[in-house]
Structure formats: C-alpha cells, structure tokens
Amino acid sequence: MSRHLRINDTWLALAVGCLAAGAVLADEPAQWLERMNNALSTRNYDGTYSHWHGGEVDMMRIVHRVQNGVVSERLASLDGSGNEFIRTGSSVACYLPKQRTVVVEQRGQNEPLVAFPKVDEQTAAFYDIREVARTRFNRRDTHVITVMPRDEFRYGYRLWIDDSTAMPLKSQLCDPHGAVIEQIVFASLTLSAHIPDAAFKPEVSTEGFTWVRGLVPAPAPPVDFNAWNALHLPPGFHIVVRSAQTLPGSSQPVGHLVYTDGVASVSVFVEVQQAPPAGAGDAAAAPPVDETATLGASSAFSTVVDGHKITAVGEVPPRTVHDIATQVRAQGVSPVGARGP
C-alpha cells in the first residue's frame, strides 16, 4: 500500500488577481503549514471528502483520534470498492474486499494515512511558500497557501487552511507549471472531544479472508543491498532508508531505498534478475526494456543495472524517478540521512 496509499494522496488554478494580493510576513505562510500539520496530528476529527485524480472521483471518509498517546486512524472508501485502511499506532491494516485479503504493514508513528506537505528551513530552499489569498470556503474563513517547486523535480500544493482550526478544507497537488493533478475537497469535517472505539472497526466481515504481511525484514539476503546507492540525486534529495525487505507472496529479498527532499519521497526497489530457464528461446534472452508508468500523481520507472532490476516509485514528476533509478549502483555507502549533492 502506498500513497500506495499515501492517498498521499495529497491533496483550478488561482486567478491572477489573487497572486497580486498584499504582501505577508515571510515566515507566516510556513507557520500556517506548521499549524495545519499540528492540527492534523493532534486533533480528533471525522470527515468526508472527494478525491479527484486521473479523471475519476472517489468519496472517502477519514476518522482520526489521539488517545493516551496512541494514534488511531480509519480511511474508508465510500464507493463500490469498500476498501478500508485502519491504523493503530505503527500498524496499518489494509482491508481489500474484492481480493478478500487483509494486508498488514508497519509505518512510522508520525506517518499519517493522508499526508500533507511539511516544510522546514532546509526544504524551503526548494519550494516557494506564499499566502496568496484569504477567502471564504464552505462558509469558513481560510488562508490560501501555495507550496510551489523551484525546479522540475517535484510537485507543488495549494491549500485552503481554516483560520480557526488550522485544518485543511481543500488541497490541490500541482505540477511544476501549476496545473492541478489531484484535488481533495472536504464535504464535511467535525472536530470532537471523544471518538468511540467503534469508529475504528472495519465495516466488512473478514471471514474467509487471507491475511498477509506487507514489506517485512528479510533474512540474510544473498546480495549486499547496503552497497547500493544513487551516485547522483536531484537537488535536495537524500537517502533516509536503506534495508532488505521481502515482498508479499515472495521469498526473494529485495533492497529498499527511500529518498526524500523532506516533502516529496521516492522508493527504490533493487531486485536480482532471475536468469531465463533453459530452452526459453530468443525472446527470453532479449535485453530488458526500460518501463515507465504514470497514474495520477504517481510515477514509476524500471531499468536493469548489472543484472538487477531497479524500480523507482513516487508522487513526483516522471523525470525524477527516471533520474534516480538510472543512477542507482552498487558502490560505496553514504551514511543514511546524509544530504545529496
């Protein structure tokens, strides 16, 4: 699951007149982003929203609660799929009725089901953050904040943040030219002091479902995946995860690398290419072909390097996953967290 869910799912170009709105303090827009993310992580809320992406519209419900220091979240599709994602602390269960499957994954304590941009002093160098308007939206006073990339390697955001609660009422993911790729608009949003445990139970019966685990630590792999890294990275990106994992339904370990600029992130998987079986013919012996895919805001690129399949996936422009995947090699290892060039 990724934005994968990541229904990162993160959330109409503004009129030129809005861009001409009065100047604001340089740090005020960033402060609104900080207030928004604090509200999303600490408040109790229950809301429904429409998610516009790839020419389709999905209706979703999200419930969030912090109780005794434990974060609980439930993200449920209100359309025909019936998919649900329930998080308790660092454990996320993905209920997939059509596949009659539940996939359980582990996430960071501070990694929400629906992500919004977080910008610090380092990431601000790669994004232009502005308040471009103050307007009414859904009968609420809002601050319209834009987080626009300074180059072609990442996407940007427009956010309508409620003045009194700091909750995002509308969010748009934009390409480097400002065109809208995805949009989230809340139809209802209720903040409550108490949300019962029943709000975090799946609606679907899981009788007869198959339960599988997501990416899990692999036993000692035959390949030293710690030796794999990108020789060069787009500006601002650096590695934050390097591990060996096992994909669901497979015993073959893969290398898992994650690169981020603090807002956008790209996952890279390194797999050992299996030799074609004897007598498979000339087609099996043909050199592998690079593969590219784009779905909404998500881009993917696969290539083969030294007998290993390299696949990069992320909510970034296609150029970014291409440039990262083609630079991955088995080389000297940089410390995790070290900044790229």
Only one of (1) modelled with pLDDT of 90 or more; (2) among the aliphatic types (A, V, I, L, M); (3) surrounded by 11 or more Cβ atoms within 10 Å (Cβ to Cβ) does not apply to residue 223, and that is (1)
Here the residues within the stretch 45-66 that are among the hydrophobic types (A, V, I, L, M, F, W, C) and either crowded, with 17+ Cβ neighbours inside 10 Å or within 11 Å of residue 189 (Cβ to Cβ) (or both) are 52, 60, 62, 63
Among strands (runs of 3 or more DSSP E) entirely within the stretch 144-217, at least 2 residues that are modelled with pLDDT under 95 and in contact with a His (Cβ under 9 Å, 6 or more places away or on another chain) occur in 180-191
Going through the stretch 111-123 in order, the residues found to be buried (at least 19 other Cβ atoms within 10 Å of the Cβ) and within 19 Å of residue 151 (Cβ to Cβ) are 117, 119, 123
So the strands (runs of 3 or more DSSP E) completely within the stretch 264-316 holding 1 or more residues that are at pLDDT 95 or above are 265-272, 298-305, 308-314
Condition test on residue 336, is it modelled with pLDDT under 80 and either charged (D, E, K, R) or surrounded by 13 or more Cβ atoms within 10 Å (Cβ to Cβ) (or both)? yes
What do you reckon, is residue 134 more than 24 Å from residue 60 (Cα to Cα), among the basic types (Lys, Arg) and touching a helix residue (DSSP H, G or I) at 6+ places or on another chain (Cβ under 8 Å)?
no
Within the stretch 117-140, restricting to residues that are among the acidic types (Asp, Glu) and part of a strand (DSSP E or B), the one that is modelled with the lowest pLDDT is 128
Checking 22, 47, 80 in turn, the sole residue that is at pLDDT 95 or above and either farther than 23 Å from residue 155 by Cβ or not in a helix (DSSP H, G or I) (or both) turns out to be 47
Regarding residue 114, is this residue within 30 Å of residue 86 (Cα to Cα) and part of a loop (DSSP other than H, G, I, E, B)? yes
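The values are calculated or read from the model by the stated rules, or taken from the named source; none is laboratory data. What you see is a predicted model; the values in this text were computed from it and never measured. Neighbour counts are summed over all protein chains in view; Cβ atoms, including those assigned to glycine, are modelled from backbone coordinates with ideal geometry.
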